[in-house]
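Data first, discussion second: the structure below is written as structure tokens.
The values are calculated or read from the model by the stated rules, or taken from the named source; none is laboratory data. In this text, all values refer to a predicted model and were calculated from it rather than measured experimentally. Note that each Cβ is placed from the backbone with ideal geometry, even for glycine, and that neighbours are counted across all protein chains shown.
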Amino acid sequence: IDLPHFPADDLDPARSGGDLCVQACADDPQVAFHAVRNLARIGFGVVSLRWSQLGFGRTSSTSTSQATPRNLFGFKDGTANIKAEEVEELDTHVWVQPGDDPGAEWLAGGSYLVARRINMHIETWDRTSLAEQETIVG
């Protein structure tokens, strides 16, 4: 399914679409890189890597025991996200339930993923007054 256009979008068709997402996390980024590389090697001839995106750090809190981290703009990001302990909320908003999509029973117990790359113009942000930043973030 194509995503709706957002203002100022600059979508790259080469970084759009795909059927499978692999997220590899590790304390050492080389370990994550080699895990993905080995999966691609094992799947050679059956699957192909469409695109990849390197990331870093824990950028959200996923349980009530974690504090909300700050993003690259210095503001807390994800405070209202569903936590692992909120089972009913997860069942309602994250996990596909049996019968949600009669044409996709295979997806029951799974979830969908939408990923969008965003540009964070940190240099411009750094020149913006704190009052204006707080107005923008809310």
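Out of all the residues in the stretch 68-94, which are outside any loop (DSSP other than H, G, I, E, B), of a type in the set (D, E, K, R) and over 23 Å from Phe56 (Cβ atoms)?
Correct list: Glu88, Glu89, Asp91.
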Residues being touching a Leu at 6+ places or on another chain (Cβ under 7 Å) and closer than 30 Å to Asp10 by Cβ - total across the stretch 93-115: 1
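Within the group Leu11, Leu49, Leu3, which residue is within 23 Å of Ile118 (Cβ to Cβ), touching a His at 6+ places or on another chain (Cβ under 9 Å) and not assigned by TED's automatic domain parsing to the domain that holds Val114?
Leu11
Please pick out the residue among Ser52, Ser48, Ser16 that is within 30 Å of Lys83 (Cβ to Cβ) and of a type in the set (S, T, N, Q).
The match here is Ser52.
Results for (1) part of a loop (DSSP other than H, G, I, E, B); (2) farther than 18 Å from Leu72 by Cα; (3) among the hydrophobic types (A, V, I, L, M, F, W, C); (4) touching a strand residue (DSSP E or B) at 6+ places or on another chain (Cβ under 6 Å), shown as yes or no for each residue.
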{"position": "Val96", "(1), (2), (3), (4)": "yes, yes, yes, no"}
{"position": "Gly103", "(1), (2), (3), (4)": "no, yes, no, no"}
{"position": "Trp106", "(1), (2), (3), (4)": "no, yes, yes, no"}
{"position": "Ser111", "(1), (2), (3), (4)": "yes, yes, no, no"}
{"position": "Glu123", "(1), (2), (3), (4)": "no, no, no, no"}
{"position": "Glu132", "(1), (2), (3), (4)": "no, no, no, no"}
{"position": "Thr135", "(1), (2), (3), (4)": "no, no, no, no"}
Candidates Gly103, Gly45 - the one that is loosely packed, with under 10 Cβ neighbours inside 10 Å and under 25 Å from Pro4 (Cα atoms): Gly103
Residue count for the stretch 11-41, restricted to those that are part of a helix (DSSP H, G or I) and surrounded by 10 or more Cβ atoms within 10 Å (Cβ to Cβ): 12
Long-range neighbours under 6 Å by Cβ, at least six apart or interchain, first residue free of Cβ contacts under 8 Å to residues at least 40 places away in the same chain within the stretch 95-117, second β-branched (Val, Ile, Thr) and part of a loop (DSSP other than H, G, I, E, B): Leu107/Val96; Ala108/Val96; Gly110/Val96; Ser111/Val94
